[in-house]
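Just below is one structure, and these are the notes that go with it.
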Amino acid sequence: MSPFTYAVLILAALSSVIAAPAPLPDAATSLEKRVTHSGRGTFFHVGLGACGKNNVDSDHIVAISSDIFGKGGNCEQFMDITNAKTGKKAFGLVRDECPGCGAGDIDMSPSLFQALGASLDEGVVKVSWHFEKKGFKP
């Protein structure tokens, strides 16, 4: 074979390696695990929260248990909350810590509590909830 034929074969082999598709990421490593929590949902009158932001009762604000709050890694993260009795759902933004809450319990602003179909006179509802992906906005 001529040197030209060798050059063409080498270029063809190189271009097939370069043009080969990249492997897809493993689905198990690219999915986030969603943990659904359940517990008591109560309400409180908001103000300056543990995340350092001022809030008003008309904001949909959530305080999470100290066990989950830790050093505030979930501050500014939205939660999807469901009232177990009514099935109503609403999104709330983590902006505070609830030292008196059990791990699955949450304390909510009055407007968020009512958005779940509960009256303030009720005071306590059973809820399930999970964190949305960081950066999520409803």
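The values are calculated or read from the model by the stated rules, or taken from the named source; none is laboratory data. Just so we're clear, the structure is a prediction, and the values are computed from it rather than from any experiment. Virtual Cβ from ideal backbone geometry, glycine too; neighbours counted across all protein chains shown. Ligands, DNA and RNA are excluded from the accessible area calculation, which covers all protein heavy atoms including side chains. Shrake-Rupley method; radii C 1.70, N 1.55, O 1.52, S 1.80 Å.
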- [ ] Extending each Cα 7 Å along its Cβ direction at Val124 and Phe44, get the distance between those two points in nm, one decimal.
- [x] 1.6 nm
Open item on the list: From the protein chains alone at 1.4 Å, what is the descending order of accessible area for Leu120, Leu48, Leu93, largest first?
Closed with: Leu48, Leu120, Leu93
